[in-house]
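All remarks here apply to the structure that follows.
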Amino acid sequence: MFANKVVLVTGGSSGIGAAAVEGFAKEGAFVAFVGRNETKLKAVAERCGANTFPIKADIAKDEEAKTIVAKTIEKFGKLDVLVNNAGISRIVGLSDPNILDAFDLIMNTNLRAVVLLTNLAIPYLKETKGNIVNVSSVASTTIPSLMDGFVSYCVSKAGLDQFTRGAAKEFASFGVRVNSVNPGPVITDMAVNSGIDNVPDDDMMKNITALGRASDADEVSDLIQYLASDKARSVTGSCFVIDNGMLLK
Ligand SMILES: NC(=O)c1ccc[n+]([C@@H]2O[C@H](COP(=O)([O-])OP(=O)(O)OC[C@H]3O[C@@H](n4cnc5c(N)ncnc54)[C@H](OP(=O)(O)O)[C@@H]3O)[C@@H](O)[C@H]2O)c1
(Lines give C-alpha, C1' and ligand atoms only; values in the text may rest on other atoms or scores of the structure.)
Protein backbone atom coordinates (compact mmCIF):
# COMPACT_ATOMS: atom_id res chain seq x y z
CA MET A 1 0.00 0.00 0.00
CA PHE A 2 2.97 2.36 0.62
CA ALA A 3 5.52 1.11 -1.91
CA ASN A 4 8.09 3.85 -2.61
CA LYS A 5 6.40 6.21 -0.17
CA VAL A 6 8.53 7.98 2.45
CA VAL A 7 7.05 8.18 5.94
CA LEU A 8 8.42 10.07 8.96
CA VAL A 9 7.21 8.90 12.39
CA THR A 10 8.09 10.78 15.58
CA GLY A 11 8.25 8.64 18.71
CA GLY A 12 9.04 5.53 16.68
CA SER A 13 11.19 3.94 19.36
CA SER A 14 8.28 2.64 21.46
CA GLY A 15 4.58 1.80 21.63
CA ILE A 16 2.22 3.13 18.95
CA GLY A 17 5.04 4.78 16.99
CA ALA A 18 7.12 1.58 16.87
CA ALA A 19 4.05 -0.33 15.65
CA ALA A 20 3.53 2.34 12.98
CA VAL A 21 7.16 2.08 11.81
CA GLU A 22 6.77 -1.69 11.52
CA GLY A 23 3.39 -1.43 9.79
CA PHE A 24 4.52 1.11 7.18
CA ALA A 25 7.75 -0.82 6.52
CA LYS A 26 5.77 -4.03 5.96
CA GLU A 27 3.68 -2.17 3.37
CA GLY A 28 6.79 -1.20 1.41
CA ALA A 29 7.48 2.32 2.74
CA PHE A 30 10.84 3.88 3.52
CA VAL A 31 10.43 4.95 7.15
CA ALA A 32 12.45 7.55 9.05
CA PHE A 33 11.64 7.55 12.76
CA VAL A 34 12.58 9.62 15.77
CA GLY A 35 13.26 9.11 19.47
CA ARG A 36 15.81 9.97 22.13
CA ASN A 37 16.66 6.47 23.37
CA GLU A 38 19.38 5.02 21.13
CA THR A 39 18.97 1.45 22.37
CA LYS A 40 15.24 1.43 21.62
CA LEU A 41 15.75 3.15 18.24
CA LYS A 42 18.29 0.50 17.26
CA ALA A 43 16.02 -2.36 18.34
CA VAL A 44 13.14 -1.05 16.21
CA ALA A 45 15.43 -0.52 13.21
CA GLU A 46 16.77 -4.07 13.51
CA ARG A 47 13.27 -5.49 13.76
CA CYS A 48 11.83 -3.46 10.87
CA GLY A 49 14.55 -3.86 8.24
CA ALA A 50 16.87 -1.96 5.97
CA ASN A 51 14.30 0.53 4.70
CA THR A 52 13.97 2.13 8.12
CA PHE A 53 16.15 4.99 9.33
CA PRO A 54 16.40 5.92 13.03
CA ILE A 55 16.99 9.58 13.90
CA LYS A 56 18.07 10.45 17.45
CA ALA A 57 16.58 13.81 18.39
CA ASP A 58 14.66 15.47 21.21
CA ILE A 59 11.66 17.08 19.53
CA ALA A 60 11.11 19.36 22.55
CA LYS A 61 14.39 21.12 21.71
CA ASP A 62 14.05 23.30 18.59
CA GLU A 63 17.66 22.88 17.47
CA GLU A 64 17.35 19.08 17.52
CA ALA A 65 13.84 19.04 16.04
CA LYS A 66 15.01 21.18 13.13
CA THR A 67 17.39 18.41 11.97
CA ILE A 68 14.69 15.76 11.57
CA VAL A 69 13.02 16.68 8.28
CA ALA A 70 16.39 17.63 6.73
CA LYS A 71 17.86 14.23 7.65
CA THR A 72 14.82 12.44 6.23
CA ILE A 73 15.10 14.30 2.92
CA GLU A 74 18.85 13.73 2.80
CA LYS A 75 18.32 9.99 3.28
CA PHE A 76 15.21 9.31 1.17
CA GLY A 77 14.85 12.39 -1.11
CA LYS A 78 11.18 13.22 -0.45
CA LEU A 79 8.41 13.03 2.14
CA ASP A 80 4.90 11.60 1.63
CA VAL A 81 3.58 11.15 5.19
CA LEU A 82 4.37 12.82 8.53
CA VAL A 83 3.10 11.00 11.63
CA ASN A 84 3.32 13.30 14.65
CA ASN A 85 3.11 10.58 17.28
CA ALA A 86 5.69 11.37 20.00
CA GLY A 87 4.02 12.32 23.24
CA ILE A 88 4.44 12.34 27.00
CA SER A 89 2.38 12.90 30.09
CA ARG A 90 3.08 14.01 33.62
CA ILE A 91 0.76 13.71 36.59
CA VAL A 92 0.96 17.15 38.19
CA GLY A 93 -2.12 18.84 39.63
CA LEU A 94 -2.98 22.50 39.19
CA SER A 95 -2.23 23.22 42.88
CA ASP A 96 1.27 21.76 42.62
CA PRO A 97 4.16 24.29 42.67
CA ASN A 98 5.73 22.40 39.73
CA ILE A 99 2.72 22.80 37.46
CA LEU A 100 4.35 25.22 35.00
CA ASP A 101 7.42 23.02 34.47
CA ALA A 102 5.18 20.05 33.71
CA PHE A 103 2.85 22.13 31.53
CA ASP A 104 5.74 23.56 29.47
CA LEU A 105 7.38 20.17 28.95
CA ILE A 106 4.11 18.56 27.87
CA MET A 107 3.14 21.42 25.58
CA ASN A 108 6.62 21.60 24.02
CA THR A 109 6.60 17.88 23.27
CA ASN A 110 2.95 17.20 22.40
CA LEU A 111 2.06 20.44 20.59
CA ARG A 112 4.87 22.95 19.93
CA ALA A 113 7.05 20.30 18.26
CA VAL A 114 4.11 19.33 16.03
CA VAL A 115 3.82 22.95 14.88
CA LEU A 116 7.56 23.12 14.15
CA LEU A 117 7.74 19.77 12.35
CA THR A 118 4.66 20.58 10.28
CA ASN A 119 6.22 23.91 9.32
CA LEU A 120 9.42 22.17 8.22
CA ALA A 121 7.68 19.29 6.45
CA ILE A 122 5.00 21.17 4.55
CA PRO A 123 7.12 22.26 1.54
CA TYR A 124 7.92 18.59 0.88
CA LEU A 125 4.34 17.41 1.52
CA LYS A 126 3.05 19.97 -0.99
CA GLU A 127 5.43 18.48 -3.58
CA THR A 128 4.11 14.94 -3.06
CA LYS A 129 0.50 15.90 -2.20
CA GLY A 130 1.18 13.98 0.96
CA ASN A 131 -0.54 14.01 4.32
CA ILE A 132 -0.13 14.31 8.08
CA VAL A 133 -1.53 12.03 10.79
CA ASN A 134 -1.35 13.38 14.34
CA VAL A 135 -1.64 11.05 17.32
CA SER A 136 -4.01 12.78 19.72
CA SER A 137 -6.15 11.14 22.43
CA VAL A 138 -9.70 10.93 23.74
CA ALA A 139 -8.20 13.12 26.47
CA SER A 140 -8.70 16.00 24.03
CA THR A 141 -12.42 15.96 24.83
CA THR A 142 -12.64 14.30 28.24
CA ILE A 143 -10.65 14.35 31.49
CA PRO A 144 -9.87 10.65 32.13
CA SER A 145 -11.00 9.49 35.55
CA LEU A 146 -8.02 7.12 35.93
CA MET A 147 -6.13 9.63 38.09
CA ASP A 148 -5.95 13.36 38.85
CA GLY A 149 -3.27 15.66 37.46
CA PHE A 150 -3.89 15.03 33.76
CA VAL A 151 -5.04 18.55 32.83
CA SER A 152 -1.86 19.68 31.04
CA TYR A 153 -1.90 16.53 28.91
CA CYS A 154 -5.59 16.98 28.09
CA VAL A 155 -5.01 20.63 27.13
CA SER A 156 -2.13 19.61 24.83
CA LYS A 157 -4.34 17.10 23.02
CA ALA A 158 -7.27 19.53 22.78
CA GLY A 159 -4.86 21.97 21.16
CA LEU A 160 -3.61 19.25 18.85
CA ASP A 161 -7.14 18.51 17.57
CA GLN A 162 -7.71 22.17 16.79
CA PHE A 163 -4.28 22.27 15.12
CA THR A 164 -5.33 19.29 12.99
CA ARG A 165 -8.44 21.12 11.79
CA GLY A 166 -6.61 24.40 11.19
CA ALA A 167 -3.75 22.76 9.29
CA ALA A 168 -6.22 20.72 7.23
CA LYS A 169 -7.99 23.92 6.20
CA GLU A 170 -4.75 25.79 5.46
CA PHE A 171 -3.25 23.02 3.33
CA ALA A 172 -6.36 21.68 1.57
CA SER A 173 -5.86 23.82 -1.53
CA PHE A 174 -2.44 22.15 -1.96
CA GLY A 175 -3.98 18.68 -1.83
CA VAL A 176 -2.35 17.97 1.55
CA ARG A 177 -4.64 16.21 4.06
CA VAL A 178 -4.30 16.43 7.87
CA ASN A 179 -6.11 14.11 10.32
CA SER A 180 -5.68 12.64 13.77
CA VAL A 181 -6.24 9.37 15.56
CA ASN A 182 -7.61 9.77 19.09
CA PRO A 183 -6.98 6.59 21.09
CA GLY A 184 -8.41 5.59 24.44
CA PRO A 185 -6.31 3.18 26.52
CA VAL A 186 -3.56 1.46 24.55
CA ILE A 187 -1.19 -1.09 26.07
CA THR A 188 2.22 0.59 25.81
CA ASP A 189 4.96 1.70 28.21
CA MET A 190 3.75 5.30 28.10
CA ALA A 191 2.97 5.64 31.82
CA VAL A 192 6.34 4.17 32.81
CA ASN A 193 8.15 6.26 30.17
CA SER A 194 6.40 9.35 31.50
CA GLY A 195 7.64 8.64 35.04
CA ILE A 196 4.14 8.18 36.40
CA ASP A 197 3.91 6.52 39.84
CA ASN A 198 1.10 4.03 40.40
CA VAL A 199 1.05 3.06 36.73
CA PRO A 200 -2.48 1.89 35.87
CA ASP A 201 -2.45 -1.86 35.27
CA ASP A 202 -4.06 -3.48 32.25
CA ASP A 203 -7.23 -4.27 34.23
CA MET A 204 -7.65 -0.61 35.26
CA MET A 205 -7.28 0.40 31.60
CA LYS A 206 -9.90 -2.16 30.53
CA ASN A 207 -12.37 -1.09 33.22
CA ILE A 208 -12.70 2.42 31.81
CA THR A 209 -13.96 1.25 28.40
CA ALA A 210 -17.42 0.03 27.36
CA LEU A 211 -15.93 -2.96 25.54
CA GLY A 212 -13.87 -3.92 28.60
CA ARG A 213 -10.62 -3.99 26.69
CA ALA A 214 -7.64 -1.81 25.87
CA SER A 215 -6.13 -1.63 22.37
CA ASP A 216 -2.82 -3.02 21.22
CA ALA A 217 -0.53 -0.54 19.50
CA ASP A 218 -1.05 -2.42 16.20
CA GLU A 219 -4.74 -1.50 16.18
CA VAL A 220 -3.91 2.20 16.34
CA SER A 221 -1.19 1.72 13.73
CA ASP A 222 -3.79 0.23 11.36
CA LEU A 223 -5.95 3.35 11.67
CA ILE A 224 -2.92 5.61 11.13
CA GLN A 225 -2.15 3.63 7.97
CA TYR A 226 -5.71 3.96 6.71
CA LEU A 227 -5.69 7.75 7.18
CA ALA A 228 -2.24 8.03 5.54
CA SER A 229 -3.33 5.95 2.55
CA ASP A 230 -5.12 6.91 -0.61
CA LYS A 231 -8.18 5.04 0.67
CA ALA A 232 -8.77 8.07 2.90
CA ARG A 233 -8.42 10.57 0.03
CA SER A 234 -11.72 12.22 0.95
CA VAL A 235 -10.83 12.56 4.65
CA THR A 236 -9.24 15.72 6.04
CA GLY A 237 -9.62 17.72 9.25
CA SER A 238 -11.04 14.67 11.06
CA CYS A 239 -10.19 13.31 14.50
CA PHE A 240 -10.83 9.55 14.57
CA VAL A 241 -11.68 8.11 17.98
CA ILE A 242 -10.39 4.56 18.62
CA ASP A 243 -11.21 3.99 22.28
CA ASN A 244 -13.08 0.69 22.83
CA GLY A 245 -16.07 2.84 23.76
CA MET A 246 -14.34 4.76 26.55
CA LEU A 247 -16.27 7.91 25.68
CA LEU A 248 -19.55 5.95 26.08
CA LYS A 249 -18.88 5.25 29.78
N1 LIG B 1 -0.85 4.59 25.45
C2 LIG B 1 -2.03 5.17 25.53
O3 LIG B 1 -2.92 4.71 26.27
C4 LIG B 1 -2.34 6.37 24.69
C5 LIG B 1 -3.67 6.81 24.62
C6 LIG B 1 -3.98 7.91 23.85
C7 LIG B 1 -2.99 8.59 23.15
N8 LIG B 1 -1.71 8.16 23.24
C9 LIG B 1 -0.70 8.93 22.49
O10 LIG B 1 0.02 8.06 21.65
C11 LIG B 1 1.31 8.61 21.40
C12 LIG B 1 2.35 7.51 21.60
O13 LIG B 1 2.28 7.07 22.94
P14 LIG B 1 2.66 5.60 23.41
O15 LIG B 1 1.54 5.11 24.24
O16 LIG B 1 3.12 4.80 22.27
O17 LIG B 1 3.84 5.95 24.42
P18 LIG B 1 5.37 5.46 24.52
O19 LIG B 1 5.45 3.98 24.37
O20 LIG B 1 5.90 6.09 25.76
O21 LIG B 1 6.04 6.14 23.24
C22 LIG B 1 6.28 7.52 23.19
C23 LIG B 1 7.28 7.79 22.09
O24 LIG B 1 7.52 9.20 22.04
C25 LIG B 1 8.91 9.43 22.04
N26 LIG B 1 9.21 10.73 22.66
C27 LIG B 1 8.71 11.23 23.82
N28 LIG B 1 9.24 12.44 24.06
C29 LIG B 1 10.08 12.70 23.03
C30 LIG B 1 10.93 13.79 22.72
N31 LIG B 1 11.03 14.87 23.50
N32 LIG B 1 11.67 13.73 21.58
C33 LIG B 1 11.59 12.65 20.77
N34 LIG B 1 10.81 11.58 21.01
C35 LIG B 1 10.06 11.61 22.14
C36 LIG B 1 9.51 8.27 22.82
O37 LIG B 1 10.85 8.05 22.41
P38 LIG B 1 12.13 8.10 23.39
O39 LIG B 1 11.71 7.58 24.71
O40 LIG B 1 13.13 7.25 22.65
O41 LIG B 1 12.51 9.53 23.38
C42 LIG B 1 8.62 7.12 22.34
O43 LIG B 1 9.11 6.61 21.11
C44 LIG B 1 1.47 9.81 22.35
O45 LIG B 1 1.27 11.01 21.63
C46 LIG B 1 0.35 9.59 23.36
O47 LIG B 1 -0.09 10.82 23.90
C48 LIG B 1 -1.35 7.07 23.99
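The values are calculated or read from the model by the stated rules, or taken from the named source; none is laboratory data. Small disclaimer: the values here were computed from a predicted structure and weren't measured. Here the Cβ positions follow ideal geometry from the backbone for every residue, glycine too, while neighbour counts run over all protein chains shown. All accessible areas refer to the heavy atoms of the entire protein, side chains included, with ligands and DNA or RNA removed. Shrake-Rupley method; radii C 1.70, N 1.55, O 1.52, S 1.80 Å.
See the values below:
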| item | result |
| --- | --- |
| Residue-count net charge about Ala60 - beta-carbon cut-off 12 Å; Lys, Arg +1, Asp, Glu -1 | -2 |
| Backbone N within segment 65-93 under 17 Å of label point (7 Å from Asn51 Cα along the Cβ vector) | 73, 75-83 |
| Whole-Å distance, taken between Cα centres, linking segment 180-249 and segment 142-161 | 14 |
| Under 14 Å, Cβ to Cβ, from Val192 - net charge with Lys/Arg +1 and Asp/Glu -1 | -2 |
| Accessible solvent surface per residue of segment 77-180, calculated while the other protein chains remain in place, 1.4 angstrom probe, Å² | 42 |
| Scattering curve values for segment 1-137, log₁₀ I(q)/I(0), Debye with Cα scatterers, q = 0.13, 0.17, 0.18, 0.22 Å⁻¹ | -0.52, -0.84, -0.93, -1.34 |
| Angle between the chain longest axis and helix 151-171 axis [Cα atoms, degrees, rounded to 10] | 30 |
| Counted charge near Ile242, where neighbours are those whose Cβ lies closer than 10 Å (Asp, Glu -1; Lys, Arg +1) | -3 |
| Candidate residues Arg112, Arg213, Arg36: accessible-area rank, largest first, probe 1.4 Å | Arg36, Arg112, Arg213 |
| Gain in span if fully extended, Lys129 to Lys61, counting 0.36 nm per residue against the direct Cα distance | 21.7 nm |
| DSSP-defined antiparallel bridges as percent of all bridges, segment 6-248, nearest 5 | 0 |
| Taking segment 6-248 and dividing mean pair separation by its residue count, relative contact order in percent (alpha carbons under 8 Å, at least six apart) | 20 |
| Principal-axis tilt of helix 62-76 within the chain, Cα atoms, nearest 10 degrees | 40 |
| For segment 6-248, the fraction of alpha-carbon pairs in successive 5 Å shells from zero, as % | 1, 7, 15, 19, 21, 18, 12, 6, 2, 0 |
| Gain in span if fully extended, Asn207 to Asp101, counting 0.36 nm per residue against the direct Cα distance | 35.0 nm |
| With every protein chain in place, the chain: carbon and sulfur % of accessible area (1.4 Å) | 50 |
| In degrees, nearest ten, helix 38-48 long axis to first principal axis of the chain (Cα) | 60 |
| Nearest-10 value in Å² for the accessible area of Leu120, using the 1.4 Å probe | 50 |
| Fully extended contour minus Cα-Cα distance, from Arg233 to Asn37, at 0.36 nm per residue | 67.1 nm |
